[in-house]
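Report on one structure; see the data block that follows.
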Amino acid sequence: MTATDRAVELINTAAQAAADKLAHDVIAYDVSEVLAITDAFLLASAPNDRQVKAISDEIEEKLLKELGAKPVRREGEREGRWILLDYIDIVVHVQHSEERSFYALERLWKDCPELALPADAVATRNRPDAHTDARGNALEAADRSLS
């Protein structure tokens, strides 16, 4: 059994939304063979709590707007260190870079097949710390000197 077409569609939209908000190391795994509760996991990280929240908000907004999907559960928003969005077909983990490194979810799912993602999401691998404004939007080099 592999991830459903719906799960892949949700993953791709969520991955693009994460990339749009400068997430780091976006990766998705097909966990349908080992878990009965979901088809796929999407992992993304950010260097600060504000950006973790901005990424998860963007994912939630795009999945609702483009695919009519609402999470059945959202956890971790208060702390902003690890936000989990459960869409039943997929589970999205947006983690602060420190939590990502400590918990190393990739190590747990390394035997599961990796799902192909949009080019923008793949480009987030090994991204250096990005500079963002209060809404999580990228700042150009000229704007950084003002902040």
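Regarding LEU35, is this residue free of Cβ contacts under 8 Å to residues at least 40 places away in the same chain and closer than 26 Å to SER101 by Cβ? It is true that LEU35 is free of Cβ contacts under 8 Å to residues at least 40 places away in the same chain and closer than 26 Å to SER101 by Cβ. Taking the stretch 29-116 as the region of interest, the strands (runs of 3 or more DSSP E) fully inside it that hold 1 or more residues being within 16 Å of THR4 (Cα to Cα) and open to solvent by less than 10 Å² (accessible area, probe 1.4 Å) are 40-46, 90-96. Exactly one residue out of LYS65, LYS53 is within 14 Å of the chain's Cα centre (by Cα) and closer than 24 Å to ALA123 by Cβ, and it is LYS53.
The values are calculated or read from the model by the stated rules, or taken from the named source; none is laboratory data. This one's a predicted model, so the numbers in the text were calculated from it and none came from an experiment. Cβ: placed from backbone, ideal geometry, glycine included. Neighbour counts: every protein chain shown. Remember, those area values only see protein heavy atoms, side chains included, never the ligands or the DNA or RNA. Shrake-Rupley method; radii C 1.70, N 1.55, O 1.52, S 1.80 Å.
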